[in-house]
Amino acid sequence: MQGLVEPIRDTTQRTEPAAPVLHVSYVKSGSYLLWKAFDELFRAHGSKRSFVQQHAIQKLRHSWPEFSIEQFDIDQILVQDEGVHWQIEMQHLETIHDLEQYLAACSHVWTHSFLCERSWEVYPQFARVCYIVRDPRDALVSMAHFAQTPFMRRYHPHPANSPADYINAELTNFLEDWVRHAGEHFRARRALDIRILRYEDMVQDLPKTLHELADWAGLALGQQAITTIADSLSVESMRKNNPQHVRKGGSGGFQSVLSEPQQRRALEICGPTMRDFGYEV
């Protein structure tokens, strides 16, 4: 596997951080790792800002059973043609009436939204946009396990009683949605100035990726800061802090989970789009 499909680099000299940053992904595709990376980078730089962390809803952060506390720390938006909302998962959804004011309160924002007509108005209002992509077969397996967590069973219950049941029921729908989400962002990458980052490359050389992300976001950080952040983002550390959202964090695990017919079906659906992102299939 080669490096970043489009290396994250910026030769422009800046003295102020380019913020806010928007990071986009399909579900279970490295979203949490990328959010933690940006969060630690902005904190180390001293320019971390958050709308949701300053909102009165923080008074409720301990009152929702099975919620990870960090879900109250993520500035997440939902972009739809009907409007733009800030959200805490799907349990709290609130319209953003003044997007400029909202963005001024954030250093980095996360979305799982599909590309739509409104995206072409919203994305350019961010200083930087990054799309993280993961092998969809691994994303499917990760989602199948996530569906069995206490959080998902309480708030998004699925009739599947095991990861295998989930995969049998959802393989086609999950992967077709991945093709739509990832493919549309890939095709729009130049028009919307979207940088592409592969999850597998990020975990293979986390310090290198953190350097690239920091430079790309205009954050001047030294080697010691990068090393400290990389250590805090190890799978072991993240699993300890958020076991419902972090399981193994590796790649290629689908090979021991999906049957041969399921793997063939996955490639029928995803193969062309995976090749666009540089995956060898």
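Go through ARG128, ARG137 for me and flag whichever is surrounded by 15 or more Cβ atoms within 10 Å (Cβ to Cβ) and closer than 24 Å to SER251 by Cα. Show your work before the answer.
Working: ARG128 fails: closer than 24 Å to SER251 by Cα.
One residue alone meets the criteria, ARG137.
Which strands (runs of 3 or more DSSP E) sit wholly inside the range 45-103 and have at least 3 residues that are surrounded by 18 or more Cβ atoms within 10 Å (Cβ to Cβ)? Walk me through it before giving the result.
Working: elements: 76-80, 83-88, 92-95.
Result: 76-80, 83-88.
So if I check each of GLU66, GLU40, GLU89, which one is farther than 28 Å from ARG189 by Cα, charged (D, E, K, R) and in contact with a helix residue (DSSP H, G or I) (Cβ under 9 Å, 6 or more places away or on another chain)?
Numbers: GLU40 fails: farther than 28 Å from ARG189 by Cα; GLU89 fails: farther than 28 Å from ARG189 by Cα.
None of the others qualify; the one that does is GLU66.
Please go through the range 104-153 and give me each residue that is under 15 Å from the mean Cα position of the chain (by Cα) and part of a loop (DSSP other than H, G, I, E, B), ordered by number.
HIS112, SER113, PHE114, LEU115, ARG134, ASP135
Kindly indicate whether PHE146 is of a type in the set (Phe, Trp, Tyr), surrounded by 18 or more Cβ atoms within 10 Å (Cβ to Cβ) and farther than 18 Å from ALA191 by Cβ. Steps first, answer last, please.
Working: of a type in the set (Phe, Trp, Tyr): yes; surrounded by 18 or more Cβ atoms within 10 Å (Cβ to Cβ): yes; farther than 18 Å from ALA191 by Cβ: yes.
The answer is yes for PHE146.
Within the range 187-208, which residues are in a helix (DSSP H, G or I) and over 15 Å from the mean Cα position of the chain (by Cα)? Steps first, please.
So the first thing to find is which residues in the range 187-208 are in a helix (DSSP H, G or I), and the list is 187, 199-204, 206-208.
If the condition is that a residue be in a helix (DSSP H, G or I) and over 15 Å from the mean Cα position of the chain (by Cα), then ARG187, GLN204, LEU206, PRO207, LYS208 are the ones that fit.
Can you list the helices (runs of 4 or more DSSP H) lying wholly within the range 216-279 that have 1 or more residues being at pLDDT 95 or above? Spell out how you get there, then give the answer.
Working: elements: 223-232, 235-241, 260-276.
Qualifying helices (runs of 4 or more DSSP H): 223-232, 260-276.
Collect the residues in the range 73-91 that are under 16 Å from the mean Cα position of the chain (by Cα) and not polar (S, T, N, Q), keeping them in residue-number order. Let's see the steps before the verdict.
So in the range 73-91, the residues under 16 Å from the mean Cα position of the chain (by Cα) come out as 73-79, 86-90.
Within the range 73-91, ASP73, ILE74, ASP75, ILE77, LEU78, VAL79, TRP86, ILE88, GLU89, MET90 meet the criteria.
The values are calculated or read from the model by the stated rules, or taken from the named source; none is laboratory data. If you're wondering where the values come from, they're calculated on a predicted model, not measured in any experiment. In this analysis, Cβ positions are derived from the backbone assuming ideal geometry, glycine residues included, and neighbour counts consider all displayed protein chains.
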